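The values are calculated or read from the model by the stated rules, or taken from the named source; none is laboratory data. Keep in mind that this is a model prediction, so the values were computed, not measured. Because the Cβ atoms are built from the backbone with ideal geometry, glycine has one as well, and the counts that use them run over all protein chains shown. What goes into the accessible areas is simple: the full protein's heavy atoms, side chains included, and nothing from ligands, DNA or RNA. Shrake-Rupley method; radii C 1.70, N 1.55, O 1.52, S 1.80 Å.
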Amino acid sequence: MVFPMSPTDALSDFGRSYLRLAAEVWTRSLDVTSSYGLRAINHALAHWGNLNQPHLRQTAALEMQNYFIEMASLIPFAIERFVTEELPGRERRGAAGLVSHPGKSHLIGDKAMMLPVRIAEASQGWALYFVPSEWAQSRLGERDKQFVLVHAGLARTPLIIFGIDHRKSDLGSYHEIGVALLVRPRSNPRDLPGLLFLALIVNGQFTIDASRMLWGYHKALAGNMDVRYGDRFATFCVDAQDAATLSISFPRFGGSRSSGVPCYIYSVPDHAKDGAAHRTVLSRSATGEGVQFGGAVELHLSNRPNCVCQSGSRSDAMCLCSMLRDLRLPERPAANGWAEHVSGTFGPATPCT
């Protein structure tokens, strides 16, 4: 016999969900605070007597910045999980933390994919530049209807160039170079900033097909991409057989770690109704991580008129080298970072409301 749920049952479920939300925020904030506090103590003990050195003060300032960023992301990320996973009437999770019934399966070619997509092992480098907002606005194109730029003052907008070496993931093993702007959805300009990709280059066809179907990311194929690791640098090159093509080298450094940090990624999927803006949450963890101001990032742009990193058969293709050359980027970025070991999950693309 099945008994219908009473209003009291629904209220009880809501109360338990609300308590889980509060517990998650509290537990996570303690974890983050204790982790950063322990690192600060270890760093101070290791450099006792030299605490007034400029580079130590810079490291402390960066650690403090990362701490506040991670703490600021706790509540909105927990609320999003509360709304999408914990509210009464949503899917229930079992004791193992798994959804009690299978989620939606997506067929990519002849392979079935389930969300969230997992990243088990990767390395990542990134560089942050401030570019003219007028230029950034021109690059939004039709997406101007869905997104607004994040302004950093002095008519500048943050632009990020990154490289990721995906060694183990649900989308396979592949290399990636990307360029993104920081934006917010126009429907909710108070929402957290996130990445909007201007260009993505990979060396695997499967990730191109899967990313377009699952999230609406448009990637271009460069089959000869490679990542070369040195003691101090990692170099991502578009064509390992041609030194004249696009490449970027990131310093390898850092001993910090982070866990479950949310990152928003915005897109307009092909299947979106009325071209609605969508948001994907990347939950990212890392070890061997470092952040610094103005590091020795080396960006080499090809001088060839037809950039090999884009397919000439695509109507929406752009030459990434030409796009970056127009910016006349400074020799060193405003900030850059490296993470030796990255893992995480990509959730589904959900409409921004």
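A few notes on this one:
- Residues whose placed amide H lies under 5 Å from that of Ser169, excluding near-sequence neighbours: Ala120
- If you sort Lys219, Lys111, Lys273, Lys168 by accessible surface, 1.4 Å probe, largest first, the order is Lys273, Lys168, Lys111, Lys219.
- Residue-wise HN-Hα coupling along segment 336-353, computed from phi with Karplus coefficients 6.51, -1.76, 1.60 (Hz; x: Gly, Pro): 8, x, 8, 9, 6, 10, 10, 9, x, 9, 9, x, x, 7, 10, x, 7, 10
- Couplings 3J(HN,Hα) for segment 163-177, derived from phi with the Karplus relation 6.51 cos²θ - 1.76 cosθ + 1.60 (θ = phi - 60°), are x, 10, 9, 7, 8, 9, 7, 5, 8, x, 9, 7, 9, 8, 10 Hz, where x marks Gly and Pro.
- Cβ-placed point charges (K, R +1; D, E -1), dipole of segment 214-353 about Cα centre in debye, nearest 20: 200 debye
- Extending 7 Å from Cα along the Cβ direction at Arg325 and again at Asp110 yields two label points whose distance is 4.3 nm.
- Amide H contacts under 5 Å for Tyr217, placed H, 5+ residues apart: Arg212
- Candidate residues Thr345, Thr207: accessible-area rank, largest first, probe 1.4 Å: Thr345, Thr207
- Ranked by solvent-accessible area (1.4 Å probe, protein heavy atoms only, all chains present), the residues Ser133, Ser105 order from largest to smallest as Ser105, Ser133.
- Note on Ser259 and Asn303: the extension gain reaches 11.8 nm, defined as 0.36 nm multiplied by sequence separation minus the Cα-Cα distance.
- Taking all protein chains together and rolling a 1.4 Å probe, Glu142 ends up with roughly 130 Å² accessible.
- Heavy-atom accessible surface of segment 164-228: percent carbon and sulfur, 1.4 Å: 49 percent
- Two-site FRET efficiency, Thr350 against Ala296, from Cβ-Cβ distance with R₀ of 41 Å, rounded to 0.05: 0.60
- Across Lys111/Lys145; Lys168/Lys219; Lys111/Lys273, pairs whose alpha-carbon gap is larger than 23 Å: Lys111/Lys145; Lys111/Lys273
- The amide H of Ala199, built 1.01 Å from its N in the peptide plane, has Val179 as neighbours under 5 Å, considering only residues 5 or more places off or on other chains.
- Counting only heavy atoms of the protein chains and using a 1.4 Å probe, Arg118 has close to 140 Å² of accessible surface.
- Heavy-atom accessible surface of Trp126, to the nearest 10 Å², is about 60 Å², with a 1.4 Å probe and all protein chains retained.
- HN-Hα J in Hz across segment 240-256 - Karplus 6.51, -1.76, 1.60, θ = phi - 60°, x for Gly and Pro: 5, 9, 9, 5, 7, 8, 4, 8, 8, 10, 10, x, 9, 6, x, x, 7
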